[in-house]
Amino acid sequence: MNTANTLFKYSFVDLITLVSTFSLGFAKSFINFGMLAESLLYLHISLAVISFSLAVVLVKLSFSTGLEFPKVASLISFSSIVLAGSSGITFLLTNDDLFSHIMLGAFEIALISTSLLIGYLTCFFRLCKRY
């Protein structure tokens with residue numbers, strides 16, 4: 001039960017980090033040149049690395065809970081964040097818009113799976129408190 005509680009807390013932190021990463025990337029897409037654009041890009045990449053680190057922690061914690069759904073949701077979130085990160089790096093190297101679309105789609109999948117993980121754990125805690 002303690003591991004599931006920790007997983008629940010880290011899921012919230014990961015969700016906030018994912019939304020912040022998206023917001024910075026969205027702001028960067030409007031500003032193409034200058035010092036502000038570079039700063040936003042560095043912050044966006046830093047938050048993406050933090051999101052990746054949190055996804056690794058979520059996978060590790062979800063495998064120690066013994067519950068099947070958190071395992072699947074955290075693996076989907078982790079692989080989506082890896083896909084989004086690799087697409088983002090490829091976009092920076094090639095400047096091909098296809099990779100920015102892949103990055104956005106993978107981000108949305110990571111956001112959905114992390115939200116599902118939070119919802120599942122919320123229901124899990126409510127059911128456990130009844131008994």
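The values are calculated or read from the model by the stated rules, or taken from the named source; none is laboratory data. Keep in mind the model is a prediction, meaning the values are calculated, not measured. Positions of Cβ are backbone-derived with ideal geometry, glycine not excepted, and every protein chain shown enters the neighbour counts. For accessibility, only protein heavy atoms count, side chains too; no ligands or nucleic acids. Shrake-Rupley method; radii C 1.70, N 1.55, O 1.52, S 1.80 Å.
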What's the FRET efficiency of Asn2 with Phe63 using the Cβ-Cβ distance as r and R₀ = 22 Å, to the nearest 0.05? 0.90
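Once you keep just the Cα pairs under 8 angstrom separated by 6 or more residues, what percentage relative contact order results for region 24-82? Don't skip to the end; give the middle numbers.
Values: 31 pairs, mean separation 16.9, N = 59.
It rounds to 29 percent for region 24-82.
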Report the label-to-label distance for Asp96 and Cys128 in nanometres (one decimal), using points 7 Å from each Cα along the Cα→Cβ vector. 4.5 nm
Working from the alpha-carbon coordinates of the chain, get Rg over Rh, Rh being the Kirkwood radius. 1.06
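Roughly how big is the chain's charge dipole about its Cα centre, with Cβ charges of +1 (Lys, Arg) and -1 (Asp, Glu), in debye to the nearest 20? Let's see the in-between values first.
Working: 7 positive and 6 negative charges, 145 e Å.
Dipole of the chain, to the nearest 20 debye: 700 debye.
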When the accessible area of the chain is split by element with a 1.4 Å probe, what percent falls to carbon and sulfur? 72 percent
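Averaged per residue, what accessible surface does the chain expose to a 1.4 Å probe, in Å²?
Details: 7920 Å² over 131 residues.
It amounts to 60 Å² per residue over the chain.
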P(r), alpha carbons of region 43-90 - 10 Å bins starting at zero, rounded %: 30, 46, 20, 4
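List the relative contact order of region 11-54 as a percent without decimals, with contacts defined as Cα pairs under 8 Å and 6+ residues apart. Walk me through the numbers on the way to the answer.
On the way: 29 pairs, mean separation 23.6, N = 44.
Once normalised by length, the contact order is 54 percent.
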Euclidean distance between Cα centres, region 85-103 to region 1-46, Å: 17 Å
For the chain, what does the relative contact order come out to in percent, with C-alpha contacts under 8 Å and a separation of six or more? 29 percent
